[in-house]
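Participant: Take this structure first; my questions come after.
The values are calculated or read from the model by the stated rules, or taken from the named source; none is laboratory data. Bear in mind the structure is a predicted one, so any value in this text is a computation, not a measurement. Here the Cβ positions follow ideal geometry from the backbone for every residue, glycine too, while neighbour counts run over all protein chains shown.
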Amino acid sequence: MEKWGIRRFQRAMDAGETTSLRILENCLKRIEQVDQGEAGLHAILEINSDARALAEQLDTERSQGRVRGPLHGIPLVLKANIDTADGMTTTAGSLALKGSIPERDAFLVSRLREAGAVILGKANLSEWANFRGTRSVSGWSSLGGQTRNPYDRLRSPCGSSSGSAAAVASGLCPISVGTETDGSIVCPAQTCGVVGIKPTLGLVSRSGIIPIAHSQDTAGPMANSVEDAALLLTALAGADARDAATAAIPQDYDLDFVSCFDQEGLRGARIGVPRDCFGKHPKVDALIEERLELLKDLGAKLVDPANIETAGQWRDTELEVLLYEFKHDLNVYLAELGEEAPVKSLAEIIEFNQAHADVAMPYFGQELMEQAQAKGDLTERAYLDALATNRRLTRAEGIDATMKKHRLDALVAPTGTPAWLIDHVLGDFVLGGCSSAAAVSGYPHITVPAGFIEGLPVGLSFFSTAWQEAKLIRYAYAFEIAIAQEVP
């Protein structure tokens, strides 16, 4: 039952065949069996003590004829950098924030509660969302230990939304919420064999989320199917007075993504193939070539090649922006926690880590934090120039230019490579992926399981210009249905 989709759970609950409480209990039992202990996945950092009461309340509402929507009674987990005011801590996996309980829910959590979702717990993650040291180990945090890949526990789940992806992939919960600055939703999603959506910047509020950088950060859904991810995105999306970026949502933008499910959704679509995203692994390339043929069989017109001519040119300026914004944004977040915050600035976090290095930094350091601390404020010319360069290279001269030149509806590429071995000595071994252009530009990106290489999942990515989630979901859904029909 743990791999059922949202719609099937709803039908079963409506028919009296199961209840939200029973679904939750099955998730908790699965967590005990698969996630906990020395050999466990370590995807879950904390269980919500209110979860059973929430499930019982939602079952009562259903019995009284009130169903809030598709998420009513569905358990999910949140990445542990998302605020909840329910007794659970919000720590980004760091010992420095151990015991930190925010005074209010993140806006997206309020949306989920209104939609009837059951917050099961918090997912482990790469500590500080993988923005601490230059030799970081994806999926490791000083509070949660090492999250492991459900397909091979010696291999990485990628990061930083490691636990969110692994939890869905291993049936610990039907859906989850991750966050991304660059690759932190789509990489763990593809590496763990699930669907991940990185939305347009501003579609989902960031208020109440421990930040890296406001010019790139966003939360997004992770699920076993495109349909479930789209249903979750519908609940997450919306304007929030506490996040100015959400004011950019177009007035006529349809926030209900249910209408996107179309098996013929790829017919007539012009899809570009940026070959600069290939060449990371020969077996990945071979598999994706087969999937490109499938897209053509489904009626898509492929434009190949359709390269992003500025690809990779923003690498140095992206880091510069992240360093500046991390210092500023994290200090703002900590200040909003008030006097009860365990630490009150990035400087104090650095000091804490140094004082507790044996447990806080046993495998890698905090070079990125130290570099960020050395930066000035957001009025400095170095920051402003780097931000302008990023936007020019990824938007006007990047994705926008490619789309316009070839009259495209979307771009398609391999999301990344199969999971690498976890290495606490040398750190991550990442061969590359296609996340950066969409991440730095703030444009939408969806990854869908495309197949396996040596038993390890590989994803196919669709990305485009701003506010094109509906189109990308439609393409991904048609692709997913075709892949499912290939399975004997």
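Participant: Select from the range 194-205 the residues that are of a type outside the set (Ser, Thr, Tyr) and either buried (at least 24 other Cβ atoms within 10 Å of the Cβ) or at pLDDT below 95 (or both) and list them in ascending order.
Facilitator: Val194, Val195, Gly196, Ile197, Lys198, Pro199, Leu203, Val204
Participant: How many residues are among the aliphatic types (A, V, I, L, M) and touching a Cys at 6+ places or on another chain (Cβ under 9 Å) if we restrict to the range 433-475?
Facilitator: 4
Participant: So, one more: Within the range 111-170, track down each residue that is more than 24 Å from Ala213 (Cα to Cα) and among the acidic types (Asp, Glu).
Facilitator: Glu114, Asp152
Participant: Yes or no: Leu54 surrounded by 21 or more Cβ atoms within 10 Å (Cβ to Cβ), modelled with pLDDT of 95 or more, under 30 Å from Ala357 (Cβ atoms) and out of contact with any Leu (no Cβ under 7 Å at 6 or more places or on another chain)?
Facilitator: no
Participant: Give just the number: which of (1) in contact (Cβ under 8 Å) with a residue 60 or more places away in the chain; (2) in contact with a strand residue (DSSP E or B) (Cβ under 9 Å, 6 or more places away or on another chain) does Lys301 not satisfy?
Facilitator: Here Lys301 meets the rest and fails (1).
Participant: Let me ask something else about it. Condition first: at pLDDT below 95 and small (Gly, Ala, Ser). Can you find one or more residues in the range 397-409 that meet it?
Facilitator: No, the range 397-409 contains no residue that is at pLDDT below 95 and small (Gly, Ala, Ser).
Participant: Assuming Ala39 fulfils every condition listed in (1) modelled with pLDDT of 95 or more; (2) aliphatic (A, V, I, L, M); (3) part of a loop (DSSP other than H, G, I, E, B) apart from one, which condition is it?
Facilitator: Of the numbered conditions (1) modelled with pLDDT of 95 or more; (2) aliphatic (A, V, I, L, M); (3) part of a loop (DSSP other than H, G, I, E, B), the odd one out for Ala39 is (1).
Participant: Any chance the range 170-180 includes a residue that's touching a residue at least 60 places away in the same chain (Cβ under 8 Å), more than 23 Å from Arg132 (Cα to Cα) and among the hydroxyl-bearing types (Ser, Thr, Tyr)?
Facilitator: yes
Participant: Name the residue that is farthest from Asp83 (Cα to Cα), counting only residues in the range 324-336 that are under 24 Å from the mean Cα position of the chain (by Cα) and not charged (D, E, K, R).
Facilitator: Within the range 324-336, the match that is farthest from Asp83 (Cα to Cα) is Tyr324.
Participant: Quick one: what pairs do we get from the range 241-263, first residue at negative phi and assigned to a loop (DSSP other than H, G, I, E, B), second surrounded by 12 or more Cβ atoms within 10 Å (Cβ to Cβ) and among the polar types (S, T, N, Q), C-beta under 9 Å, 6+ apart or different chains?
Facilitator: So the pair list comes out as Ala241/Ser207; Arg242/Ser205; Arg242/Ser207; Ile249/Thr200; Leu255/Thr234; Asp256/Thr234.
Participant: Can you work out which of the residues in the range 430-457 that are of a type in the set (S, T, N, Q) and within 11 Å of Val186 (Cβ to Cβ) is surrounded by the fewest Cβ atoms within 10 Å (Cβ to Cβ)?
Facilitator: Ser436
Participant: Could you list, in sequence order, the residues of the range 86-135 that are touching a Gly at 6+ places or on another chain (Cβ under 6 Å), surrounded by 24 or more Cβ atoms within 10 Å (Cβ to Cβ) and either part of a loop (DSSP other than H, G, I, E, B) or without any contact (Cβ under 8 Å) to a residue 40 or more places away in the chain (or both)?
Facilitator: Across the range 86-135, the qualifying residues are Gly93, Ala106, Asn124, Leu125, Ser126, Glu127.
Participant: Another one. Touching a Phe, Trp or Tyr at 6+ places or on another chain (Cβ under 9 Å), closer than 14 Å to Leu45 by Cα and buried (at least 24 other Cβ atoms within 10 Å of the Cβ) - does that describe any residue in the range 63-82?
Facilitator: There is at least one residue in the range 63-82 that is touching a Phe, Trp or Tyr at 6+ places or on another chain (Cβ under 9 Å), closer than 14 Å to Leu45 by Cα and buried (at least 24 other Cβ atoms within 10 Å of the Cβ).
Participant: Does Thr246 qualify as being of a type in the set (S, T, N, Q), crowded, with 23+ Cβ neighbours inside 10 Å and out of contact with any helix residue (DSSP H, G or I) (no Cβ under 6 Å at 6 or more places or on another chain)?
Facilitator: No.
Participant: Further, regarding this structure: Please state which of the following conditions Glu127 fails to meet, knowing it meets all the rest: (1) touching a strand residue (DSSP E or B) at 6+ places or on another chain (Cβ under 9 Å); (2) among the acidic types (Asp, Glu); (3) within 30 Å of Val67 (Cβ to Cβ).
Facilitator: Just one mismatch for Glu127, condition (3).
To keep it simple, each residue is scored yes or no on (1) within 30 Å of Gly65 (Cα to Cα); (2) under 15 Å from the mean Cα position of the chain (by Cα).
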{"site": "Leu112", "(1), (2)": "yes, no"}
{"site": "Gly121", "(1), (2)": "yes, no"}
{"site": "Leu143", "(1), (2)": "no, no"}
{"site": "Arg148", "(1), (2)": "no, no"}
{"site": "Leu154", "(1), (2)": "no, no"}
{"site": "Ser160", "(1), (2)": "no, yes"}
{"site": "Gly178", "(1), (2)": "no, yes"}
{"site": "Ile185", "(1), (2)": "no, yes"}
{"site": "Gly193", "(1), (2)": "no, yes"}
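Participant: Name every residue in the range 458-471 that is surrounded by 24 or more Cβ atoms within 10 Å (Cβ to Cβ) and either over 16 Å from the mean Cα position of the chain (by Cα) or not small (Gly, Ala, Ser) (or both), in order of residue number.
Facilitator: Once the filter is applied, which keeps residues that are surrounded by 24 or more Cβ atoms within 10 Å (Cβ to Cβ) and either over 16 Å from the mean Cα position of the chain (by Cα) or not small (Gly, Ala, Ser) (or both), the range 458-471 yields Val458, Leu460, Phe462, Phe463, Ser464, Glu469.
Participant: Looking at the range 37-50, can you tell me whether even one residue there is of a type in the set (Asp, Glu), more than 22 Å from Ala229 (Cβ to Cβ) and either touching a helix residue (DSSP H, G or I) at 6+ places or on another chain (Cβ under 6 Å) or crowded, with 24+ Cβ neighbours inside 10 Å (or both)?
Facilitator: no
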